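> Below is one structure. I have some questions about it.
The values are calculated or read from the model by the stated rules, or taken from the named source; none is laboratory data. What you see is a predicted model; the values in this text were computed from it and never measured. Glycine also receives a Cβ, built like all others from the backbone with ideal geometry; neighbour counts cover every protein chain displayed.
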Amino acid sequence: MNTQRYADLFRAEARERLTEMNNALLAIERGAGAERVTELFRAVHNMKGMSAAMGYQSIRDLSHSLETLLDKLRREESTPTPAVIDVLFEAVDLLESAVVLVSANPDGALDVSGMVAALEALAMESSPEEYPSLQPTMEWPVQSAASATPAQVRRFTPTQSTRLTPGKEARFTPPLGTRTASFPMVEGKRSVRVDTQRLDTLMTLVGELVIARGRLAELSRKANNAELTEVVTQASRLVGSLQDEITKSRMVPVGQAFERFDRLVRDASHELGKQVSFEMRGTDIEVDKSVLDEIGEPVMHLLRNAIDHGVGTPAERKKAGKPPVARLVLSAERERSAVVISVSDDGRGVDTDKVLVTARARGMVGSDRATLNEAELLDLLARPGFSTADKVSRISGRGVGLDVVATKVRSLGGLLEIVTARGKGTTMIVRLPVTLAIVQALLARTAGEVYALPISNVVETFVLSPSAISFEQGREMIEVRGERLPAVRLRAKLGCEPREGDAGHVAVLDLSDRKLTLVVDEFIGQHEVVVKQFDPARGMPQIFSGATILPNGAPALILDARGVA
């Protein structure tokens, strides 16, 4: 039988089992009971069965040896000491490596003999010298169904007993006066595995439908035909419903990306000799699969930076009057059309004085600069190669982490913020769109071209009045409801000639850490646009996050609110 046609299913199942193993091991290390040992044993047993069916000998052998040791732990014939748990973690890591290898090359096989020998040695050390002889009879107590609760029936919790003797047929007759309890069968949700590539294709197709819908609506409006308008309206409604359903089918909980970070925090804190209590919140918040696939790397860098730079050793924390165990929180929440992911620690906080000294030494700020606001601080920390670490560790110190985070977040049309207090801790905040495929945008015409501005950052729009314009320290300001906000003219950002006079339309942008105004020639409407990612040409202003097709079929660039600022 050709088993390779089941290879994709094996990889998907193996990833789930490996996640279960890591989660169970982390719980056992923190003092969880026998239930988590049983959960770990079950996951390893399933992995062994799956790999045996696929003919993956190395995975099967390693799973079998791991299962043998776990059986000793499950029977309480051995104790999960720190040394044993470390070996179990290494074995699970090797299992993952073996799965990765066979995924890339089905005929490949990882040498697991060393780990198998180590696991067998641990199992032999924990084995009793002799096992009690098996009795010729076995007993299973049985409870009358008439007096049992549904939960007891499922768990089979007994009071009466029946005896089975080898060689004789086993029979059991309920006591007189009892009757079998019946419980309705509850049918769970039915689901099917779908390749994400199919979902991506569906999303692309529905995006093209949205573009076609816009063009059709535009043609219908020009035709001024009642029957055509009715049909177009109905078709638009159906396309909208289809878009909603496909978008929902792509939404997955952020917990699927977060669950692997528990192990990362554990390993990094052990390597650095630090004690960290890790907490995850909002794991049920849903985002588009495309966003979820992209946020893993930025969050990983933020967590590693927090452990290395933010959290102190137990001795350092004790000296600062803090408990030896640091607190690290990874959370997610919905905010309008965005998902907000934050990494918070109660550690040292960013030493702004040290950052300022380093920045002065590298010529990044003037020698007369005495303070930094949070936006300037983040801008310095996110520059390539910038680091205040005294030495480079395996985890961080080369000035790469925050640069990677800022670049990735910017490419996704998101925002990165920092909130820090010396001696109290730091919070890094990432704001990302819930979906990257289709967004609501304002269409603005400037210098004869049309640009799309996502409304997620737009607070309000209005027609510019000359009386609202003023200047402060040489910078143009626009008064909005009694508040003077910095003005950015899109023509200047594009390198176009200034418009005669002060006429124009204004959008107030909220960038979380500050507000500003964007001045365009005119706004021409609000539309749903399909985001197409692109690599900007050399020399192009870094103010665009993508491109789209307008209802009239013309292309338009999508403005990045943070880039414009």
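> Kindly evaluate residue 273 against the criterion of being in a loop (DSSP other than H, G, I, E, B) and surrounded by fewer than 19 Cβ atoms within 10 Å (Cβ to Cβ).
yes
> Can you tell me which residues in the range 253-263 are surrounded by fewer than 19 Cβ atoms within 10 Å (Cβ to Cβ) and not in a helix (DSSP H, G or I)?
253, 259, 260
> Another one. In the range 304-324, how many residues are within 19 Å of residue 355 (Cβ to Cβ) and either more than 29 Å from the chain's Cα centre (by Cα) or among the basic types (Lys, Arg) (or both)?
The qualifying residues number 1.
> Of the residues that make up the range 517-528, is at least one among the polar types (S, T, N, Q) and farther than 13 Å from residue 453 by Cβ?
no
> Pairs needed: first member in the range 212-227, touching a residue at least 24 places away in the same chain (Cβ under 8 Å) and surrounded by 13 or more Cβ atoms within 10 Å (Cβ to Cβ); second member anywhere, assigned to a helix (DSSP H, G or I) and small (Gly, Ala, Ser); C-beta distance under 6 Å; at least 6 residues apart or different chains.
213/236
> Within the range 325-338, which residues are part of a strand (DSSP E or B) and either modelled with pLDDT of 90 or more or not assigned by TED's automatic domain parsing to the domain that holds residue 425 (or both)?
Those that are part of a strand (DSSP E or B) and either modelled with pLDDT of 90 or more or not assigned by TED's automatic domain parsing to the domain that holds residue 425 (or both): 326, 327, 328, 329, 330, 331, 332, 333.
> Also: Show the residue pairs meeting these rules: Cβ distance below 8 Å; 6+ apart or different chains; first residue within the range 415-429 and assigned by TED's automatic domain parsing to the domain that holds residue 457; second residue surrounded by 18 or more Cβ atoms within 10 Å (Cβ to Cβ).
Once the first residue is assigned by TED's automatic domain parsing to the domain that holds residue 457 and sits in the range 415-429, no partner that is surrounded by 18 or more Cβ atoms within 10 Å (Cβ to Cβ) comes close enough.
> When you scan the range 339-369, how many residues do you find that are without any contact (Cβ under 8 Å) to a residue 60 or more places away in the chain and part of a helix (DSSP H, G or I)?
9
> Looking at (1) at negative phi; (2) out of contact with any strand residue (DSSP E or B) (no Cβ under 6 Å at 6 or more places or on another chain), find the lone condition where residue 321 falls short.
(1) is the only condition that residue 321 fails.
> If you take the residues of the range 320-337 that are of a type in the set (Gly, Ala, Ser) and surrounded by fewer than 20 Cβ atoms within 10 Å (Cβ to Cβ), which of them is nearest to residue 303 (Cα to Cα)?
331
> Also, quick follow-up: Would you pick out the residues in the range 88-126 that are part of a loop (DSSP other than H, G, I, E, B) and among the hydrophobic types (A, V, I, L, M, F, W, C)?
Within the range 88-126, 109, 110, 112 qualify.
> Looking at (1) over 17 Å from residue 558 (Cα atoms); (2) buried (at least 18 other Cβ atoms within 10 Å of the Cβ); (3) modelled with pLDDT under 90, can you tell me which one residue 478 breaks?
Unmet condition: (3).
> Moving on to the next point. Any idea which residue in the range 11-57 is surrounded by the fewest Cβ atoms within 10 Å (Cβ to Cβ), counting only those that are farther than 23 Å from residue 85 by Cα and touching a residue at least 60 places away in the same chain (Cβ under 8 Å)?
Among residues in the range 11-57 that are farther than 23 Å from residue 85 by Cα and touching a residue at least 60 places away in the same chain (Cβ under 8 Å), the one surrounded by the fewest Cβ atoms within 10 Å (Cβ to Cβ) is 12.
> Which of (1) modelled with pLDDT of 85 or more; (2) closer than 28 Å to residue 259 by Cα is the odd one out, the single condition residue 290 does not satisfy?
(1)
> OK, next. Condition test on residue 266, is it assigned by TED's automatic domain parsing to the domain that holds residue 341, at pLDDT 90 or above and in a helix (DSSP H, G or I)?
Yes, satisfied.
> Answer yes or no: is there a residue in the range 17-39 that is assigned to a helix (DSSP H, G or I), within 30 Å of residue 195 (Cβ to Cβ) and more than 24 Å from the chain's Cα centre (by Cα).
Checked against the condition, which is being assigned to a helix (DSSP H, G or I), within 30 Å of residue 195 (Cβ to Cβ) and more than 24 Å from the chain's Cα centre (by Cα), the range 17-39 yields at least one hit.
> Here are some conditions: (1) assigned to a strand (DSSP E or B); (2) of a type outside the set (Gly, Ala, Ser); (3) touching a helix residue (DSSP H, G or I) at 6+ places or on another chain (Cβ under 6 Å). Residue 542 meets all but one. Which one does it not meet?
Of everything listed in (1) assigned to a strand (DSSP E or B); (2) of a type outside the set (Gly, Ala, Ser); (3) touching a helix residue (DSSP H, G or I) at 6+ places or on another chain (Cβ under 6 Å), residue 542 misses just condition (1).
> For the range 422-440, which positions are at pLDDT below 90 and over 17 Å from residue 514 (Cβ atoms)?
Passing the criteria: 422, 423, 432, 433, 434, 435, 436, 437, 438, 439, 440.
> Another question, then. Determine, yes or no, whether residue 316 is surrounded by fewer than 17 Cβ atoms within 10 Å (Cβ to Cβ), at negative phi and not polar (S, T, N, Q).
When the stated conditions are applied, residue 316 passes them.
> Restricting to the range 435-451, and then to whatever is assigned to a loop (DSSP other than H, G, I, E, B) and in contact with a helix residue (DSSP H, G or I) (Cβ under 7 Å, 6 or more places away or on another chain), can you tell me which residue is nearest to residue 493 (Cα to Cα)?
447
> Of the conditions (1) at pLDDT 80 or above; (2) within 29 Å of residue 496 (Cα to Cα), residue 411 fails just one. Which one is it?
(1)
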